[in-house]
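The values are calculated or read from the model by the stated rules, or taken from the named source; none is laboratory data. Note that this is a predicted model, so its numbers are computed, not measured. For neighbour counting, all protein chains shown are included, and Cβ atoms are generated from backbone atoms with ideal geometry for every residue, glycine included.
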Amino acid sequence: MRRYLWLLLLPLFFFVHSVCAQNQSSIDAYQQFLNSYRRYQGLIEPFNTKRSRHLTFQSVSTQVELLQSSKELAGAEIDALNAYATFIRSLLAEATQILEYRENYLYVKLDDELAFLKLAKEKAPTLSSLNEVGELLADLSTHHKKISQMNYQIKSLIEIESAKKILNNLKVEKGKIGSFMEGEKTETANVLAAKEKFNELEKELNDAETLIKTADGYQKNLEGGNPAAVSRQIRETLERSITKINQVVLGYKNIVFSLK
């Protein structure tokens, strides 16, 4: 009976690390994103300086300088967005493998964004006017919003699917403990108390499942409005669910040790 304790603890360990931890692939992708983003940030101040000079002098030379700086900034932004999309795609791939999640629409959407960025990278060096650069930067802003939205979707998806897996694992352990207690024919005080405690925990388990279903329902709101706010709402709801699950786990531990 004591072996059940480890089986109950492992799902909670899995939840924390499946949401927060990354394997080498995603760690490398994240580092690449950080490097690209820092390079992009480093080009913003020179760009602003050249733009101010051009606004002041309105000369051919300042226009040429600004155009070159604009193209470099656009190229760096493309690299950062590409690294960003690649990173969140690697997280999705790892979560899909761990959680056995079958939906693939986010892969398709991310691949579309990566295809756009590949074409944008090829286009950036060929731009010949500030207007053309401005149009490209506007397009990049639109695609940045799309990628950021998918980031929130993937984050919430991983959290929800992790919570579902914990719940399913916990239900399996509940069945094992229930079967064990049914086999206890001698109704000692410990056994009777354990059975009563076991039945009381059913409500906490049902509450946890309801909260997970509620969080799952919020996902449809991630594609519009304020995805950051919806993502927070999902996270807060899941945290309440995990609190319930922790209570059930502690209760099952108490039952296990009382019957060993």
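Structure data summary
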quantity	calculated
Residue pairs meeting the criteria (Cβ under 9 Å; at least 6 apart or on separate chains; first under 19 Å from Q247 (Cα atoms) and in contact (Cβ under 8 Å) with a residue 12 or more places away in the chain, in segment 190-218; second outside any helix (DSSP H, G or I) and of a type outside the set (K, R))	A194/E184; K195/E184; K195/E187
Residue that is farthest from Q219 (Cα to Cα), among those in segment 100-113 that are of a type outside the set (F, W, Y) and surrounded by 15 or more Cβ atoms within 10 Å (Cβ to Cβ)	E113
Total residues in segment 127-178, condition under 30 Å from S69 (Cβ atoms) and of a type in the set (F, W, Y)	0
Boolean, K50 is more than 25 Å from the chain's Cα centre (by Cα) and touching a residue at least 60 places away in the same chain (Cβ under 8 Å)	no
Any hit, segment 61-77, residues being under 19 Å from Q31 (Cα atoms), of a type in the set (S, T, Y), in a helix (DSSP H, G or I) and touching a residue at least 40 places away in the same chain (Cβ under 8 Å)	no
Pairs, first within 12 Å of A95 (Cα to Cα) in segment 151-163, second among the basic types (K, R), C-beta under 6 Å, six or more apart	none
Candidates A163, A189, filtered to the one that is modelled with pLDDT of 90 or more and small (G, A, S)	A163
